[in-house]
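Read through the structure below, which is laid out as C-alpha cells, and then see the notes.
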Amino acid sequence: MAHESRPRTLDPENLAPLLAWLSDELAANGIAVQKAELLSGGAIGENWRIGATVTGGAHAGKHNWVLRTDAASRMAMSHDRANEYYCLRAAHKAGVSVPEPIAVSRDTSLIGAPFMIVGEAGGYAQGRNMVRDPEIQENGDALAAALGRELAKIHSVRPPGEDLEFLKVPGQSPALAQIEQMRANLDTISEPRPALEYVLSWLVKNAPKTEALVLCHGDFRTGNFMAEEGTLTGILDWEFCHWGDGHIDVGWFCARCWRFGADDREAGGIGSREAFYRGYNQESKTPLDESIVPYWEILAAARWAVVALLQGERHITGGEPSVELLLTGLMAPEMEHEALQGIMALESNA
Amino acid sequence: MNDRIAKAKALMDVAAETYTSEIMPALPSEKRYAAAMTANALGIAQRSLSHPDPAEALLTELRAQSLDELSATLRTGETGDKEGKVLQTKLLSFLEAELAITNPRYLKRYAGGQK
C-alpha cells in the first residue's frame with residue numbers, strides 16, 4: 001500500500017502560476033507547455049516530465065525537463081528538494097555530468113509542494129537492468145572510468161562551497177560521525193542487531209584519518225546514474241550530499257551489496273575496480289588511498305543494513321504496512337554478513 | 001515442534017504452493033513485481049516455521065540473556081573473554097542461520113568466506 005500523505009500536486013490544467021514564476025526565474029518573455037506527464041509518484045514525491053518552449057532569455061528554445069516534488073516522508077539525514085538542488089547545482093558548476101539545474105522553489109503556493117526543475121537526462125538508471133545490459137557488460141570499464149572521473153569532480157568541491165551553508169561540517173572524524181548517526185538510527189529500531197553492533201564497534205576502533213573534507217555524494221552507486229548506450233548521461237539523487245571523506249563514495253560504489261549480483265565487476269557491477277580508480281586518479285588532484293577502501297566498503301555494508309532496517313521499521317511500527325518495506329528490512333542480515341566477512345578477510349590478511 | 005506450529009506450517013506450505021503454481025501464472029504482467037514479493041514473503045514465513053530460532057543458539061553460545069543485552073555489550077566494544085575471532089565466527093553463524101530463512105540463495109552464494 002502506498003503511503004499517501006498528501007494529494008497529487010501539479011495540476012496539468014492549471015500551470016499558470018508555475019509558468020509565470022518560472023518565466024521570471026529564467027528572465028524569459030514566456031513559457032508554453034506542450035506536455036506534462038506524471039512519471040512516478042508516491043511517498044518519495046512525484047516526478048513529472050515537462051515539454052516546454054521558452055521564448056526570450058538565455059533559455060530560449062524547446063526543452064524536456066523533469067519536475068521533482070519534495071518527498072512526503074524523508075530518510076533522516078536526507079535533504080529536502082531545495083537543498084538537494086543546491087548540491088546538484090554545486091556539482092554542475094564543478095563540471096559534473098548531472099541533469100541541468102533549471103529552477104527550484106520552496107513556495108508551496110505554486111504547485112502545492114516544494115520542487116525542483118532539472119533537464120531530462122537520456123537513458124535509464126535501474127541498477128538491475130544496467131548490470132545485465134550487453135553494452136555495459138562488454139564495455140563496462142569505460143563507463144566505470146567515466147564514473148571515477150565524475151566522482152573526482154564531485155570531490156573537488158570543498159567547504160564552504162557556494163550556497164551550501166546548510167551542509168554541516170562534522171565536528172569529528174567523518175567515519176565516526178557516520179557511525180554515530182547509524183547508532184542513533186539503530187536506537188529507533190525495535191529489533192536488536194548484535195552483529196551490526198559488533199561491526200560498528202569495529203569501525204570505531206579502526207576509523208581512518210581523513211585528510212581533507214570534500215563534497216560527498218552520499219548515495220553514489222549503480223541505480224543512481226543515467227546511462228544511454230553504455231555512456232553516462234547524468235548523476236542523480238543528491239539528497240544525501242555531505243561534507244566528509246571522499247572514500248565513503250568509493251566504498252559505497254564498490255561494496256558487494258550494490259553490484260546487483262555482478263560480482264565479477266567489482267566497481268558497482270559495471271566494470272573493474274582498476275578502471276574506476278584509474279578514472280578517479282586521472283581527474284583528481286589527490287589520488288585515492290586504495291588501502292582504506294576496504295574499510296569504507298565495510299562501513300557501506302553497515303550503512304545499507306541500517307537503512308534497510310529503518311525501511312522495515314516503517315512497516316513494523318511506522319504505520320506504513322508494505323510487503324516491500326518489510327522485505328527490505330529482512331535484507332539486513334545480507335549486509336551484516338558482508339560487513340563481517342569483510343572484517344574477517346581484512347584481519348586474516350593483516 | 002508443537003502441534004500449533006506444525007499446523008501453521010502445513011497451512012503455509014499448501015498456501016504457498018497454490019499461490020506460486022496456480023495464482024501467480026494467472027496474474028497480469030503489471031502485478032509480477034508484487035506477486036514475486038508476495039511469494040518471497042510466503043517463503044520466508046514457511047522457512048521461519050521449519051527452522052530453529054537463530055537467536056537461541058547465539059545466546060546459548062555467548063552466554064547472554066537476551067539480544068538486547070548482547071547488542072548493548074557489543075556496542076561498548078568491550079568483548080571481555082570473548083576472543084575476537086571466536087566471536088566473529090559465532091556472529092557469522094548466527095547471520096547464516098538467519099539467511100537460511102530470509103535468503104537461502106544469498107547464503108549459498110556467499111557463505112564460506114567468498115567475497
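A few remarks follow.
- Of everything in the stretch A:315-338 that is facing chain B (nearest Cβ under 10 Å) and in a loop (DSSP other than H, G, I, E, B), the residue that is least open to solvent (accessible area, probe 1.4 Å) is A:S322.
- Residue in the stretch A:207-221 that is assigned to a helix (DSSP H, G or I) and in contact with a Cys (Cβ under 9 Å, 6 or more places away or on another chain) present: no
- Annotation note: of B:A111, B:A55, B:A34, B:A64, the sole residue that is closer than 17 Å to A:L327 by Cβ and open to solvent by less than 50 Å² (accessible area, probe 1.4 Å) is B:A34.
- Residue match in the stretch A:146-166 (condition: charged (D, E, K, R), surrounded by fewer than 18 Cβ atoms within 10 Å (Cβ to Cβ) and either within 14 Å of chain B (Cβ to nearest Cβ) or assigned to a helix (DSSP H, G or I) (or both)): no
- Screening A:N185 against (1) more than 12 Å from chain B (Cβ to nearest Cβ); (2) within 26 Å of A:Y280 (Cβ to Cβ); (3) in contact with a helix residue (DSSP H, G or I) (Cβ under 6 Å, 6 or more places away or on another chain) leaves a single unmet condition, (2).
- Of the numbered criteria (1) facing another protein chain (nearest Cβ under 9 Å); (2) modelled with pLDDT of 95 or more, the one B:L62 fails is (2).
- Test: residue in the stretch A:292-307 that is among the aliphatic types (A, V, I, L, M), over 19 Å from the mean Cα position of the chain (by Cα), open to solvent by 10 Å² or more (accessible area, probe 1.4 Å) and under 24 Å from B:I101 (Cα atoms): no
- Within the stretch A:153-184, tally of residues that are in contact with a Leu (Cβ under 9 Å, 6 or more places away or on another chain) and closer than 24 Å to A:P294 by Cβ: 10
- Counted residues, the stretch B:89-108 - those being surrounded by fewer than 17 Cβ atoms within 10 Å (Cβ to Cβ) and within 9 Å of chain A (Cβ to nearest Cβ): 1
- Residues (within 14 Å of chain B (Cβ to nearest Cβ), open to solvent by 40 Å² or more (accessible area, probe 1.4 Å) and in contact (Cβ under 8 Å) with a residue 12 or more places away in the chain) located in the stretch A:189-234: A:S190, A:E191, A:V204, A:N206
The values are calculated or read from the model by the stated rules, or taken from the named source; none is laboratory data. Not measured: the values here are computed from a predicted model. Cβ atoms come from the backbone with ideal geometry, glycine included; neighbour counts cover every protein chain shown. Side chains included, ligands, DNA and RNA excluded: accessible areas come from the protein's heavy atoms. Shrake-Rupley method; radii C 1.70, N 1.55, O 1.52, S 1.80 Å.
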